[in-house]
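Enquirer: Submitted below is the structure of interest, expressed as structure tokens.
Since every read-out is calculated from the coordinates, none of them should be taken as a lab result. Keep in mind that this is a model prediction, so the values were computed, not measured. Counting neighbours? That spans all protein chains shown, and the Cβs are built from the backbone with ideal geometry, glycine included.
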Amino acid sequence: MKTLKVKDREIPLRIYSKHIKGVQDLLPEGIPFAQATIEAMGDPVNITVPFLWGILQDRNSDEPVPVDKAYELYDDLIDTGKTATDFAQLVLDICTESGFFDKGGREVMAAYIVRIKEVQQKAMQELQAKAKATQTPAPKPRPGAKR
């Protein structure tokens, strides 16, 4: 089983069945897990935190871990340099380890993540080129003006 290593902790990437409903309740508008995997790139906090909450739950306890602990874990991951693409991959790994996707489904979702990242990078390059081309030069000093 895959695990998430952060600080001095190693957390299995598995949501147990009794906590799936809790994850679904925390997701915005009850979106399906496949859609959440993709949307984690555009809304990493609201999508990833419910999944982090799910993996923090103890299989043998009826006392849920507070959602604040999931936000703390998210912040710890940000502090290690994780990006929106990393969070989409993490959500995909959690869904796969929890049995929501088989190998074929995982491959399809991973391909979507790669494609979205490529589109975002191309859009950023085009935006940077456009911004560079439209930069206005500094005004020329007026004749006779003091410097």
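Enquirer: Restricting the search to segment 72-104, which residues are basic (Lys, Arg) and under 19 Å from Glu39 (Cα atoms)?
Expert: Lys82 - this is the single residue of segment 72-104 that is basic (Lys, Arg) and under 19 Å from Glu39 (Cα atoms).
Enquirer: Among all residue pairs at least 6 apart or on different chains, which show Cβ distances below 7 Å where the first residue, located in segment 8-37, is within 15 Å of Gly99 (Cα to Cα) and the second is surrounded by 11 or more Cβ atoms within 10 Å (Cβ to Cβ) and polar (S, T, N, Q)?
Expert: Pro12/Thr3; Leu13/Thr3; Arg14/Ser98; Ile15/Ser98; Tyr16/Gln57; His19/Gln57
Enquirer: What number of residues within segment 88-107 satisfy the criterion of being loosely packed, with under 14 Cβ neighbours inside 10 Å and either touching a residue at least 60 places away in the same chain (Cβ under 8 Å) or under 17 Å from Glu10 (Cα atoms) (or both)?
Expert: 0
Enquirer: Select, from Thr80, Thr85, the only residue that is within 28 Å of Val119 (Cβ to Cβ), touching a residue at least 60 places away in the same chain (Cβ under 8 Å) and among the β-branched types (Val, Ile, Thr).
Expert: Of the residues listed, the single one that is within 28 Å of Val119 (Cβ to Cβ), touching a residue at least 60 places away in the same chain (Cβ under 8 Å) and among the β-branched types (Val, Ile, Thr) is Thr80.
Enquirer: Can you tell me which residues in segment 44-73 are surrounded by fewer than 20 Cβ atoms within 10 Å (Cβ to Cβ), under 15 Å from the mean Cα position of the chain (by Cα) and of a type in the set (Ser, Thr, Tyr)?
Expert: Residue satisfying the conditions is Tyr71 alone.
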